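Trainee: Got a structure here, written out as structure tokens. Questions coming.
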Amino acid sequence: MNLHEYQGKEILSSFGVRIQRGIVAQNAHEAVAAAKQLTQETGTSWYVIKAQVHAGGRGKGGGVKLAKNLKEVEQIAGQIIGMNLVTPQTSKEGKRVHQVLIAEDVYYPGASETSEFYMSVLLNRGTGRNMIMYSTEGGMDIETVAEETPHLIFTEEIDPSVGLMPFQARRIAFNLGLSGTAFKEMTKFVSSLYTAYVKSDSSLFEINPVLKTSDDKIMAVDAKVTIDDNALYRHKDYVNLRDLREENPIEVEAKEVGLNYVDLDGNVGCMVNGAGLAMATMDLIKQAGGEPANFLDVGGTADAARVEAAFKIILKDPAVKAILINIFGGIVRCDRVAQGVIDAYKNMGTINVPIIVRLQGTNADIAKELIDSSGLDVQSAVEFQEAADKVQAVLA
Ligand code: GDP
Ligand code: MN
């Protein structure tokens, strides 16, 4: 589950990580009230108006702007709320902005220069350990840094049995070129950030930039936080942080009916039982010259109701030109799935795209018989390759 910047910052702050403070606003009027309150609480006289959408690169797209007085807060907030923000990470249509974060200006002048760093905490799947990835090149697109100056990206892997060690936090502060107060601040920042990551069951924290202020404070100016969905049962207070407006509407609907669905860009809809078989089926489709329109694991009980729900979800995607049903009848018998497909098809009335069904496993022969004699526009296949060829034929 992805969070908005303001929600991510609230979680960080609850674990003692210093953040650029801000108040979320739904309209220009609330934005002005938020700015006044911020000045009372922090003394700031300038403000940053930040679009709250699930996409990075907002600054580049005009979704992060500085306001030097309340009049500008009102103007800029009014302009950003309701806009379709296009950034390097959104589609070309952009994302509708429903709310903004009014944040204190933390780039104020002072005794030393400000500097921006990059820091993320994530799981290294290769080693099975959490790691902190960081760079002196903050505020920039980290992919560009990785491509052009990879030696400026450092990593620190954490041994899960002992957690983050103090020497590791010090090494990070050292590699970032800090000394004195800023060095101490950074070690505190890193250790509370790591604690927050672990305790919140997150799968990603990305803080870009981490700012060293002109008076040597270290703070999170931005926050991209992804909470592991599988751990949400342990965090009842995080569940309502989900903003469905930011998620793919077909995926949201699929989740409601208990289907494991991921929307993709291709033209062949897939209905498969088991995640592994689903992945193999997507490979097969690509090999046959098609592109999968989705990943869909219907799970163990592929009965008529489930098959029908899956059809409905797949057909919501207008790009779908064919549907490949690939079911292995291990626990579920193939003839029951076949009957499910036939019943679902009849219930749906018309399905305007060709359907290829491959059923393999228990009672596969009876299943094929059922499909072939159903009189519906459904083609059956026994072998994997045969199914692929049939998909290719209907796409040609
Ligand atoms: P992103 O573009 O979506 O990654 O949004 P960020 O939250 O990272 O903000 C983009 C940029 O806005 C930062 O890299 C900063 O340079 C700038 N910015 C953020 N906060 C402030 C602030 O308080 N004052 C000033 N002057 N600039 C800021
Ligand atoms: Mn950022």
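The values are calculated or read from the model by the stated rules, or taken from the named source; none is laboratory data. Keep in mind that what you see is a predicted model, and the values were worked out from it rather than measured. Every residue, glycine among them, receives a Cβ derived from its backbone with ideal geometry; neighbour counts consider all protein chains shown. When the accessible area is computed, the model is the full protein with side chains, heavy atoms only, and any ligands, DNA or RNA have been set aside. Shrake-Rupley method; radii C 1.70, N 1.55, O 1.52, S 1.80 Å.
Trainee: Quick check: at a probe of 1.4 Å, how many percent of the accessible area of the stretch 181-256 sits on carbon and sulfur atoms?
Mentor: C and S atoms contribute 52 percent here.
Trainee: Roughly how many nanometres apart are two label points built 7 Å out from the Cα toward the Cβ at residue 317 and residue 286?
Mentor: Here the answer is 1.4 nm between the modelled labels.
Trainee: What list of ³J(HN,Hα) couplings, whole Hz, do you get for the stretch 153-159 from phi and the Karplus terms 6.51, -1.76, 1.60, once you set θ to phi - 60° and write x for glycine and proline?
Mentor: Residue by residue, the stretch 153-159 yields 10, 10, 10, 10, 8, 10, 6 Hz.
Trainee: Using r as the Cβ-Cβ distance of residue 66 and residue 236, and R0 as 25 Å, what FRET efficiency do you calculate, to the nearest 0.05?
Mentor: 0.10
Trainee: Taking a probe of 1.4 Å, how large is the accessible area per residue of the stretch 44-196, in Å²?
Mentor: 50 Å²
Trainee: Ignoring ligands, DNA and RNA, what percent of the accessible area of the stretch 49-137 is carbon or sulfur (1.4 Å)?
Mentor: Reported share for carbon and sulfur atoms: 50 percent.
Trainee: Here is a follow-up. How much length is gained if the chain between residue 129 and residue 275 is pulled fully straight, taking 0.36 nm per residue apart and subtracting their Cα-Cα distance, in nm to one decimal?
Mentor: Stretched out fully, the residue 129 to residue 275 stretch lengthens by 50.2 nm.
Trainee: Over 10 Å intervals from 0, what percent of Cα-Cα pairs in the stretch 200-342 sits in each interval?
Mentor: P(r) over the stretch 200-342, rounded to whole percents: 10, 31, 27, 18, 8, 4, 1, 0.
Trainee: Trypsin sites (Lys or Arg not before Pro) within the stretch 59-153: which are DSSP loop residues with at most 14 other Cβ atoms inside 10 Å?
Mentor: Listed in order of number, the matching sites are 60, 68, 92, 125.
Trainee: Which helices, counted as full DSSP H runs in the chain, have an axial Cα extent of no less than 24 Å and a Kyte-Doolittle average of 0.5 or above?
Mentor: Span-like helices in the chain: none at all.
Trainee: Would you kindly state the longest site-free stretch of the chain, with sites defined as GluC sites (Glu not before Pro) in a DSSP loop (not H, G, I, E, B) surrounded by at most 11 other Cβ atoms within 10 Å?
Mentor: 114-382
Trainee: Sequence-distant or interchain residues sharing an amide H contact under 5 Å with residue 138, placed H: which?
Mentor: Correct list: 116, 117, 118.
Trainee: Would you please give the residues with an amide H less than 5 Å from that of residue 96, counting only those at least 5 places away or on a separate chain, with H modeled from the backbone geometry?
Mentor: 85
Trainee: With every protein chain left in place and a probe of 1.4 Å, what is the accessible surface of residue 332, to the nearest 10 Å²?
Mentor: Residue 332 has an accessible surface of roughly 20 Å² with all protein chains in place.
Trainee: Return the percentage of antiparallel bridges among DSSP beta bridges fully within the chain, rounded to the nearest 5 %.
Mentor: Once the DSSP bridges in the chain are tallied, antiparallel ones form about 70 percent.
Trainee: A further question follows. If you roll a 1.4 Å probe over the heavy atoms of the protein chains, what accessible area per residue do you get for the stretch 321-389, in Å²? All intermediate terms of the calculation are to be shown ahead of the outcome.
Mentor: Values: 3220 Å² over 69 residues.
That works out to 47 Å² for each residue.
Trainee: Straight-line reach only, C-alpha to C-alpha below 16 angstrom: list the lysines that residue 188 could link to, leaving out same-chain residues fewer than 8 apart.
Mentor: Leaving aside lysines fewer than 8 places away in the same chain, those within reach of residue 188 are 212, 217.
Trainee: Averaged over every viewing direction, what's the projected area of the C-alpha convex hull for the chain? Give it in nm², one decimal, please.
Mentor: For the chain, the mean projected area of the Cα convex hull comes to 22.7 nm².
Trainee: Run the dipole for the chain about the Cα centre, Lys and Arg Cβ at +1, Asp and Glu Cβ at -1, nothing else charged, and hand back the magnitude in debye, nearest 20. Don't skip to the end; give the middle numbers.
Mentor: Values: 39 positive and 51 negative charges, 181 e Å.
Using only the charged Cβ atoms, the result is roughly 860 debye.
Trainee: Taking the Cβ of residue 189 as the center, what net charge do the other residues with Cβ under 11 Å away carry, scoring Lys and Arg +1 and Asp and Glu -1?
Mentor: +4
Trainee: Roughly how many percent of the accessible protein surface of the stretch 326-367 is carbon and sulfur, given a 1.4 Å probe and a whole-percent answer?
Mentor: Here carbon and sulfur together make up 49 percent of the probe-accessible area.
Trainee: Taking the alpha carbon gyration tensor of the stretch 1-121, what are the square roots of 5 times its eigenvalues, largest first, to the nearest whole Å?
Mentor: Computed over the stretch 1-121, the values are 21, 19, 14 Å.
Trainee: Here is a follow-up. Fully extended, how many nm does the chain gain between residue 112 and residue 152 (0.36 nm per residue separation, minus their Cα-Cα distance)?
Mentor: Between residue 112 and residue 152, full extension yields 12.1 nm more.
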